[in-house]
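Colleague: Structure incoming, see below.
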Amino acid sequence: NTAPRCGFTPQYTELENLYERYKDKGFTVLDFPCNQFGGQAPGTIAEIREFCSGNYNVTFPQFDKVEVNGEGQSPLFAYLKSKQGFKGFGNGQQAKFMDEMLKKQDPDYASKPDIKWNFTKFLVDSKGDVVARFEPTVSMNFVSTVVSSKLY
């Protein structure tokens, strides 16, 4: 799930790089913008696509905006979360910031499988098995390493 007005938006560049590097091996990136976190995906899907292609050269598939949590959540995200729940933000300054921010909103947030913020990523294999979940604070270098290891 993504949002073009998020602090993690520069990850679009790294996601596009991953897509370009591995698309010939059957890998793809599927982008589902979501406006549930801080209203950071305003506008129409056409405006979001224009922003992403113009600013980050995004060529991977982008879908209509979805809800990833709550009553109106997409069935896809319900499935993804059921297979790979939240395991924490990891270490580092961004991880600490996210943890503190979310604890203020919900002291029990970490015990729930919900998507916590924009740019949570899931790796799904060719059989539909959800093999990994990456929180937005996870290094894109690590994501790339995991993707590479699953393609060989």
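Colleague: What is the local net charge at Thr145, summed over the other residues whose Cβ is closer than 13 Å to its Cβ (Lys, Arg +1; Asp, Glu -1)?
Modeller: Around Thr145, the charge tally is +1.
Colleague: With the Cα gyration tensor of the chain in hand, give its eigenvalues times 5 under a square root as the equivalent ellipsoid semi-axes, listed largest first in whole angstrom.
Modeller: 22, 19, 16
Colleague: Ok, one more. Using just the helices of the chain, give the 222 nm mean residue ellipticity in deg cm²/dmol: DSSP H runs with n ≥ 4 each add -39,500 (n - 2.57), and the total is spread over all residues, rounded to 500.
Modeller: Value at 222 nm, helices only: -11500 deg cm²/dmol.
Colleague: Which entries in the list Lys23/Lys81; Lys65/Lys87; Lys81/Lys121 go over 22 Å, if you measure between the two C-alpha atoms of each?
Modeller: Violating the 22 Å Cα-Cα cut-off are Lys23/Lys81; Lys65/Lys87.
Colleague: May I ask you to evaluate 6.51 cos²θ - 1.76 cosθ + 1.60, the Karplus curve with θ = phi - 60°, for each residue of the stretch 96-112 and list the ³J(HN,Hα) values in order in whole Hz, giving x for glycine and proline?
Modeller: Each residue's phi maps through the Karplus curve to give 5, 4, 4, 4, 5, 4, 6, 5, 5, 7, 7, x, 9, 4, 5, 8, 9 Hz.
Colleague: May I pose another question? Tell me which aspartates and glutamates have Cα within less than 16 Å of Lys83's Cα, excluding those fewer than 8 residues away on the same chain?
Modeller: Asp114, Asp125, Asp129, Glu135
Colleague: Would you mind telling me which residue in Asp64, Asp106, Asp114 has the biggest mean-square fluctuation in a Gaussian network model of the chain, where springs connect alpha carbons within a distance under 10 angstrom?
Modeller: Residue with maximal mean-square fluctuation among Asp64, Asp106, Asp114: Asp106.
No lab work stands behind these numbers, since they all come straight from the coordinates. None of these values were measured; they are calculated from a predicted model. Cβ sites come from the backbone with ideal geometry, for glycine too, and all protein chains shown count toward neighbours.
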